[in-house]
Amino acid sequence: MPSAALPRRRSHSAMLALLTLVTALVAWPQPAWAHTEFASSEPTDGQAVEGPLDRVTVTFTDPASPSGEGFAVLDSSGEPVAATTETNDGKRFTLVFETPLAAGDYGVRWEVRAGDAHPISGSFRFSVVEGPGGSGGKAGTPDPGGSALDDALEPSEAAAGDVVAGIARFLTFAGVLVGLGAVACLAWVLRGQGRELRAVLIGTRFAGVAIVVGAAVEALLLTSAEPGGITDLWNTSTGTAATLRLVGGIAVAVGLRTSSTAPTAKGAVPGDALLQWRPTRASAPAIAGFALVLASFWLDGHTVTRGPWPLHAAVNLVHLLAAAVWAGGVLVTAILVWWRRLHGRPGDGAWLVIRFSPIAAVSLTAVVLAGAAMAVIVLQTPADLLGTQWGRVLLAKTAVVAVAAAMGAVNHRRLKPALERDPENPALAQRVRRTLAIESIALAAVVALTAWLVGAAT
């Protein structure tokens, strides 16, 4: 077997081991978040306290502000109890009752906006028992089964919103990575026929559509959580970020203009077709659109909740650009390699890999370094890597990136030299397609895990 070969059984075993590792890390019990979260309450969930009770406190790990309905205290029948909300530092909220609570079952349903303006919600319940001096307060309507209160505290709508928000974030990140990766391939890798250039340009426009849809859905979800609707949302950094993504996505969806020229003799290599894409003034709006989308990530997520903002914003930009060149470039290159094979030009696909390999190596190095810097900024202690669900999903993402990087290393160190010697070798072409397919699947998982991590920034 040639040195560039990948044993099929070994690669399948490695993928199975990776899937097991990722599943274990994501599903690890006792989940905790790395960012703003519910910290404690007085009374605690399930506690029985002597009445009458004149106040309840709710504490978060980081500053937050009421969002949506804010804090709602419910009696045993699920009916609201009048209370005013007081806070000093934004972390600790005190709910003061006009009439102290007498004996009965009660619950608190809360919805707040974290530092990055994303909403988080939850609930807890407690009981008030009659104190030595009698109740002297307002009792809730008896409900021995507690079903009405349980139903009132049920967070099913919020859970459904989380799923929709996760899908929206996936679309946004996929659009950014694929779109920028396609532009990188057009500028530095692809030398092909006119229909290939047009196909990649159309794919870039569809990436812009994905950004628009993802940003619009997330903006609608955020707007529904704001008491003042879209007006209040625009006054937040996350609202500004959503607006930048919408405008930038529309500009990208309009599309880069087709402007191709013949490559110079210096840039030509055997097996190349004649055309190369070159940006023109007509493509400037789309380029500006990508810049707006990239800038939007400076205004929400991890960047505004952890670390010095200028440093984190710079690291985040490097991470996104490098990830787009690498991940999007892998996907576009894989599609083009298969396209050329289907059209009887497998040797031409080899030159795509040869040109893309050094670009992928540089961008992968930047991804790893910037990603490590972001992890140091976001995680408060090394123990958070295993002690929080956010840290464990980060480890899962790192494991998947490692698999994709291993496939890229095989292409760069083994297959690239072999292809340069014999670009028409069908066995080498098959191995290229196999490693690119594994990389593409792994990188799709990376996008999904990244979308979860950004959502968990609240």
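Structure notes:
- Taking 0.36 nm per residue of sequence separation and removing the Cα-Cα distance, the Phe206/Leu369 pair yields an extension gain of 55.7 nm.
- Mean projected area (nm²) of the alpha-carbon convex hull when the stretch 322-377 is viewed from all directions: 3.6
- Global geometry of the stretch 366-408, whether rounded, prolate or oblate, following the gyration tensor of its Cα atoms and the 1.5 cut on a/c: oblate
- Distance cut-off 17 Å, percentage of C-alpha pairs in the stretch 312-354 lying past it: 44
- Inter-label distance, nm, simple model (7 Å from Cα along the C-beta direction), Thr57/Lys91: 1.2
- In the stretch 389-442 the Cα-Cα distances spread across 5 Å bins starting at 0 as 5, 20, 23, 18, 13, 8, 6, 4, 2, 1 percent of all pairs.
- Each peptide in 58-65, 320-327 was scored by the mean count of other Cβ atoms within 10 Å over its residues; highest first, the order is 320-327, 58-65.
- Modelled spin labels at Glu79 and Gln430, positioned 7 Å past Cα toward Cβ, are 7.6 nm from each other.
- With R₀ set to 56 Å, the beta-carbon distance separating Leu317 from Gln47 gives a calculated FRET efficiency near 0.75.
All of the numbers you see were taken from the coordinates with simple rules; none came from a lab. Being a predicted model, the structure only gives us computed values, none of them experimental. Cβ coordinates were reconstructed from backbone atoms using ideal geometry, including for glycine residues, and neighbour counts include every protein chain displayed.
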